[in-house]
1. Which values of log₁₀ I(q)/I(0), to two decimal places, follow from the Debye formula for the stretch B:22-101 at q = 0.11, 0.12, 0.21, 0.26 Å⁻¹ with a uniform point scatterer at every Cα?
2. Roughly what % of DSSP beta bridges within chain B run antiparallel, to the nearest 5?
3. How large is the Rg to Rh ratio of chain A when both quantities use alpha carbon positions and Rh follows Kirkwood?
4. With the Cα gyration tensor of chain C giving a ≥ b ≥ c as the square roots of its eigenvalues, does the rule (a/c under 1.5 for rounded; else a/b larger than b/c for prolate; else oblate) give rounded, prolate or oblate?
5. Counting DSSP beta bridges in the protein assembly as shown, what percent are antiparallel, to the nearest 5?
6. For B:Gly305, what residues show an amide H to amide H distance below 5 Å, using hydrogens built from the backbone and excluding near sequence neighbours?
7. Under 10 Å, Cα contacts only: if you run a Gaussian network model on chain B, which one of B:Gln356, B:Gln87, B:Gln187 comes out with the highest mean-square fluctuation?
8. If one computes the Cα centroid of the stretch A:140-186 and of the stretch C:52-104, what distance in Å separates the two points?
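Values quoted throughout were computed directly from the atomic coordinates according to the rules given, and no laboratory measurement underlies them. Keep in mind that this is a model prediction, so the values were computed, not measured. No Cβ is skipped: glycine too gets one built from the backbone with ideal geometry, and neighbour counts run over all protein chains shown.
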Amino acid sequence: MAGKVLKKKKTTWLFTLILALGAIISMLPMIYMLSTALRPNGALYEFPPRFFPRMENVTLENFQYILSQSKFLRNFLNSLAVSLTTIAAAASVSSAMAYALGRFQFWGKSFLFSLIILTMIIPGMTMIVPQFELAVQLGLVNRLFGLVPFYVAWVIPFSTFMIKGYVEGIPKEIFEASFIDGASIIMVYRSIVLPLAAPAIASVSIFNFLTAWEEYPWANTVINNTELRTLPIAIAGFFGQHQFTQWGYVFAMSTLTLLPVVALFIVFQRYFVQGLTAGSVKG
Amino acid sequence: MLKPKRFLLVLCLIMSVVIIVPAVHASEPVTLNFWHHYSAQSKENETLTNVLIPQFEKENPDIKVNAVSHEWAELHDKILISVSTNQLPDVMRADIAWLPEFQQLGVLVPLNKEMADFDSVAGQLLDSAMSTAKIAGDTYGLGLNTNSKILFYNTDMLNAAGVNVPTTTDEWAAAVRKLSGNNAQGQQVWGWNEPGLSGWNLAPFIWSFGGSLTNDEQTAASGHINSAETVNAIETFVSLVSEGALTGFNSGDIPMTDGFGTGRYAMMLEGPWKIAELTGAYPDVAYGTAMMPAGKGGSVSVLGGEDIAMFNSANKEAAWKFMKFMTSEFAQTQMATVGQIPVSKAALDSQTVQEQEFAPFLEAIQTAKARPTVAAWSKMDNELMVAVNAVIQGEKSAQQAMDDLAVVFDGLLKE
Amino acid sequence: METKSIKGKIQLGALLLPGLAIFLVFTMYPMLRLFWVSFREWTLSSMVNQPFIGLGNYIAVSTDRTFWTVFVNSLVYTLVTVPGQMMLGLFVAVLINNIKRLQVTFRVVYYLPVITSWVIASLVFRYVFNTEGLLNYLLTRVLHVSGANIRWLDSRWSGLTVAMVLGIWKGVGWNMVIFLAALQQVSADLYEAAEMDGCNRWKQFIHVTLPSIRGTILFALVMLSIGGFSVFTSIKLITGGKPAHLTDTLLTWMYFKSFSTGDFGYAAALSFVMALALGILSALQFRLMKSQDAV
């Protein structure tokens, strides 16, 4: 018995070691990004290349440049506004759909649900041409909030699917009791579904936030004005102009973009996990 | 308690806020959207946004200019997207090679027909620059700046290798080979940097070697893009690539300015903006300039430059004012100090411009040729890149690739 | 639950309406429009009227050499990255599941690449895999694995390899989290019973763990295959399709054809073929898993 415990201890140590090694590999690119952002642009092609900058070279000039010279704050606020609007709209719209689909029988329900699932299978990018046409017809091109309805449309299927699974797990009796008390469907949605499904809505919203925060191809296609650019376009715009890439600026901006997301993730990581697993384990 | 009706109302409100609010964006008197490809972090862009536009807005308080910087290739794509959806800006700074394509789409304003004072405005600009905007008898833009590429060489590297500045294409190929190898730190060094495989990059070689892209009428390419001279140019280029003497067009290569500034590329063919760029980023590098080496076809560089043009959908009066401003002596002189060769005759004569190091570029322009001024050029450009890449990858011989390309070019020129 | 009353029906409609409206306008309409356009000639020179050309666009797609290049690229990308990240993710999940301390820390660290945006991750990878970059320095000067710098970004398969390494690196965390959740739901009794039967750890993994998490594997497989075929940003920013479109994937090629050459009809046909292929692929994967269920 004692031998077995010892063996177990040994494997635990081995596992931890392997995991630690893997964790370092996972982190390397981000660390390198930060270390590049901290050195002057002139030191980028120094020889030999270094993973960490020389101590005497460490500088915040890239960050200062990004915060003062570029439209970083503007881009940041643009991304924030778009992401928050997207999650608010997506949360209200898909929780309502999820409740209707998860709790009621009505004509065409299974067809509707299959249709929603089907669109989950098709990558949003494939529709970029007709969606662009639509954006033009609706006057949504080159408008910051013109991005929102498209983002909402992209995340609706997945959000609805996730929240529906959660709503179906709420005990039937709770709903029945409310209806017997004379509550209307809308009242039940507000007083039961929203509060009880809050964890699912929260975790879905975190994913939706990420989707909107990092979305690049669509925003790059429909946004023209410099002041309307979101962070991903601004970062990519720094890159590759004139055969001359200022990596220090690129990575300083990237670091500043990544920070809020990492903070958000560390605070809400429990919800992240719940949101992911709700759909997958039931499968 | 929220009633169904009110709930619906709230939802509709949310929806309409999301969709409509951006649409009722406050409208200023007149806002001119101006798209260009001065790099976002460049001196040119600084001059544009900090000097020129404020000055223009001071002179014209009822007009606001919204200048948007796009990357070069992306600007072309953005225009195409916007044509398909009527979302064009008012004014654009267009590479002279794009004008025929946009003109064919029917979105450009024929200035000579619609602007009363066109002749007097055009008369103040170089004829050679104005001719770049002339398509089938009408003029669709004003020359904005002109340029050509000349040879830049790293003086120390040439001295160290005992190589003279090449003046002929044979000397050039030999010099490129001799300058390649490893430096003291064991890093690879290349004799030549060529940052792309498009016509802008390859045409100077094709022409100087005595070849051509199309016939003079620009109606067919067979016998030109696959002539012995053109094939010879491509073969020479590709053999330098495969010997590790020429690079720059790969995704993984050191960017041109960085590589030249840090002594990894010994020579390159570049335009006037490179001087300001090198002064800013690598002030210590010692370099000289020379003409494109001459071959069977002479020393032929590529004519570059931009026109400023307006679209049909523009506020024409305001757009024309801005175009006149950008080609005025003041604006042209300002831009000259950051590496843009003016096309305004008055600006060219001015003291400030005379002090710039434009002489070798102006000399190169004398013998430089323009890329084909046809609507299909962007597509031809892409096909040329694909064809030359096939030779580099060893999939086809240069002759074979150019023969195939001739068929493709002929087809595109007929469209 | 059925709703009988008119009032109830109206309220139910009110719940569905906003989502349905957005879904119909912004997803279904473009999809139908895409289908319609794919049978029309729509290029820059036929902008206004778009004549019906039957299967013309589909023929153009299927006879286009570049299409087959990019199709193979997308397929290879998916066939490599999907199993790659699933196996690594499962491996990490099993390890984490078997340790007591630091579980949360590891979960957070392994998940960080997932929340790093594609734009940022792509640029970092491009920088690391630069011919003159840190990785080549490491390989040639420190480890002496290679004599000369490897031109990672400059040829078809090495360029795709960089994108695939990025795809796997970025995907491991996602797989880890969902597999970890699945593993934690496998009943301990099953393992005990297997141990009684004398199964070692490996056999337990094969005979107990894998069958128990089959649902999750299917879920991951379907989601990741879609993701694999949707690869766009990393290719666009790492190689940009260079050299000469050899590293383009279905979506970057579709984007190029639409917005650089204006061949919208071609792009629509390509999109539709792709959507169809993904639909069939997903259906097949479900079938496969279902039939294994029956065994």
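1. -0.34, -0.40, -1.08, -1.27
2. Details: 27 of 43 bridges.
In chain B, approximately 65 percent of DSSP beta bridges are antiparallel ones.
3. Details: Rg = 23.9 Å, Rh = 22.3 Å.
A ratio of 1.07.
4. In terms of gyration-tensor shape, oblate.
5. Roughly 60 percent of the DSSP beta bridges within the protein assembly as shown come out antiparallel.
6. Those lying under 5 Å, H to H, from B:Gly305 are B:Ile96, B:Asn147.
7. B:Gln187
8. After rounding, the separation between the Cα centres reads 30 Å.
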